[in-house]
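The values are calculated or read from the model by the stated rules, or taken from the named source; none is laboratory data. As the structure is a computational prediction, the values presented were derived from the model and not from experiment. Heads up, the Cβs are rebuilt from the backbone with ideal geometry, glycines too, and the neighbour counts pull from every protein chain shown. Protein only, heavy atoms only, side chains kept; ligands, DNA and RNA dropped before computing areas. Shrake-Rupley method; radii C 1.70, N 1.55, O 1.52, S 1.80 Å.
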Amino acid sequence: MEAAILVESRKPLVLDEIEMPSKLEYGQVLVKVVYTGICGAQINEIEARKGPDKFLPHLLGHEGGAIVEACGPGVTTVKPQDHVVMHWRPGRGIQSPTPTYLWKGKIVNAGWVTTFNEKAIVSENRITAIPKDFDLKLAALYGCAVTTGYGVVHNDAHLKSGESLVVVGAGGAGMSVILMASLMGANPIIAVDIRDDKLALAKGFGATHIINSKKEKPFGRIMEILPKGADVTVDCTGIKEIRELCYETAASTGRTILVGVPLAGEKISIDSFPLHFEKSITGSHGGDVNPDYVIPRLIALQNTGRLCLKGMISHEFGFHQINEALDLMRRGEALRCVVKVAA
């Protein structure tokens, strides 16, 4: 089975054959990975943004569309031939032991879900069954980006119709926040990014105002649109100055949600006095979503035409091009890349 292995931090992934365990343990499911998405989290892992990587070599990827091939003891939520979304947030079912793969006689570590491999042994609670006629390419978006956007809006921000929103960083997660906020009736919705192409897409997903922070100062422009500040501000970049900007542009009763992952040890400087009253700031962990609750409902909404993901996938690559896809994401030139892993 071929996999893309992170052997050394800040280096390209190594594509090679690895050996799978001979049997499935309690709660494990074997799937064929048809498509994987690429999330900023994988870039962060490769670049070791959270600090030295203690688990090298290891596999990557946490959002995918797959087909179940076999189930281990105790598995009840899926069966062979089911089509599934692979996700990193835990859902229903057993949390199984993590699998141990071998590469050239050495152990290759893996978590409860990995998607940068042709086949994967995953924990039952990291997959959700979907209709077999649903596009597995789009299914990969439901493993992280789209569900995170849903969770940020509903669970973290508790956004209400008519409230104002600022989203900084119009990547997959940021665009999904904009889309979900638009469905909720938020107004205005301000998208901030450094790329005009992403900002143009943001308008299509529901942004009412766009700001290119390379061309104009975002603080002044946001306060011009919202003199009292925004009800909700969301950072999807992890950049220190942007996190501070989001807090500063939130209203006195505003909520700031930090979605982007910062560099290990990097701190922000804020005036904490407003936190003693009604202002708040919080970090998001995938929007705190339950995938088994959210995914079926969003797919049903997509099938009605009210939820449209057209344009969310900006690039598609073959599996042997995965390092090219990662480089494109690293440069910020893609919205969401998907990689065709297996036929």
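Among all positions in segment 295-305, there is no residue which is within 16 Å of the chain's Cα centre (by Cα) and farther than 27 Å from Ala129 by Cβ. Within segment 12-38, the set of residues being more than 22 Å from the chain's Cα centre (by Cα) and outside any strand (DSSP E or B) comprises Ile18, Met20, Pro21, Ser22, Lys23, Leu24, Glu25, Tyr26, Gly27. With respect to the conditions (1) outside any strand (DSSP E or B); (2) of a type in the set (A, V, I, L, M); (3) modelled with pLDDT of 95 or more, Ala41 falls short on a single one, namely (3).
Segment 172-262 holds no strands (runs of 3 or more DSSP E) entirely within its bounds that carry 1 or more residues that are under 25 Å from Val338 (Cβ atoms), among the hydroxyl-bearing types (Ser, Thr, Tyr) and open to solvent by less than 10 Å² (accessible area, probe 1.4 Å).
Results for (1) surrounded by 20 or more Cβ atoms within 10 Å (Cβ to Cβ); (2) more than 24 Å from Gly169 (Cβ to Cβ); (3) of a type in the set (Asp, Glu), shown as yes or no for each residue.
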{"site": "Val33", "(1), (2), (3)": "yes, yes, no"}
{"site": "Glu47", "(1), (2), (3)": "no, no, yes"}
{"site": "His58", "(1), (2), (3)": "no, yes, no"}
{"site": "His62", "(1), (2), (3)": "yes, no, no"}
{"site": "His83", "(1), (2), (3)": "yes, yes, no"}
{"site": "Pro90", "(1), (2), (3)": "no, yes, no"}
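Across segment 282-292, a minimum of one residue is classified as of a type in the set (S, T, N, Q), touching an Asp or Glu at 6+ places or on another chain (Cβ under 7 Å) and either more than 23 Å from Phe205 (Cα to Cα) or not in a helix (DSSP H, G or I) (or both).
Of all the residues in segment 124-142, those that are out of contact with any Lys or Arg (no Cβ under 9 Å at 6 or more places or on another chain) and surrounded by 24 or more Cβ atoms within 10 Å (Cβ to Cβ) number 3. Of all residue pairs spaced 6 or more apart or on separate chains, those with beta-carbon atoms under 8 Å, a first member in segment 199-216 that is of a type in the set (S, T, N, Q) and a second member that is part of a loop (DSSP other than H, G, I, E, B) are Thr208/Asn187; Thr208/Pro188; Asn212/Ile194; Asn212/Arg195; Ser213/Ile194. For segment 154-170, a tally of residues being of a type in the set (S, T, N, Q) and surrounded by fewer than 24 Cβ atoms within 10 Å (Cβ to Cβ) returns 2. Quickly run through segment 278-290 and pick out the residues that are of a type in the set (Val, Ile, Thr) and surrounded by 12 or more Cβ atoms within 10 Å (Cβ to Cβ). The answer is Ile281, Val289. Every test in (1) farther than 28 Å from Glu63 by Cβ; (2) touching a strand residue (DSSP E or B) at 6+ places or on another chain (Cβ under 9 Å); (3) free of Cβ contacts under 8 Å to residues at least 12 places away in the same chain is passed by Gly220 save one, and that test is (2).
Give me the residue from segment 291-324 that is surrounded by fewer than 17 Cβ atoms within 10 Å (Cβ to Cβ) and among the charged types (D, E, K, R) and, out of that set, nearest to Val14 (Cα to Cα). Among those that are surrounded by fewer than 17 Cβ atoms within 10 Å (Cβ to Cβ) and among the charged types (D, E, K, R), it is Glu324.
Please tell me if Ile268 is crowded, with 18+ Cβ neighbours inside 10 Å, aliphatic (A, V, I, L, M) and touching a Lys or Arg at 6+ places or on another chain (Cβ under 9 Å). Considered against the rule, which asks whether it is crowded, with 18+ Cβ neighbours inside 10 Å, aliphatic (A, V, I, L, M) and touching a Lys or Arg at 6+ places or on another chain (Cβ under 9 Å), Ile268 comes out as no.
Does Ile313 satisfy the criteria of being within 17 Å of Met175 (Cα to Cα), not small (Gly, Ala, Ser) and not in a helix (DSSP H, G or I)? In short, yes. Of all residues being part of a loop (DSSP other than H, G, I, E, B) and basic (Lys, Arg) in segment 325-343, which is most open to solvent (accessible area, probe 1.4 Å)? Just the residue, please. Filtering first and then ranking leaves Arg331. Checking each residue in segment 46-77 for being modelled with pLDDT of 95 or more, of a type in the set (Asp, Glu) and not in a loop (DSSP other than H, G, I, E, B) picks out only Glu69. Exactly one residue out of Leu60, Leu56 is in contact with a strand residue (DSSP E or B) (Cβ under 8 Å, 6 or more places away or on another chain), within 18 Å of Tyr35 (Cα to Cα), of a type outside the set (Val, Ile, Thr) and in contact (Cβ under 8 Å) with a residue 12 or more places away in the chain, and it is Leu60.
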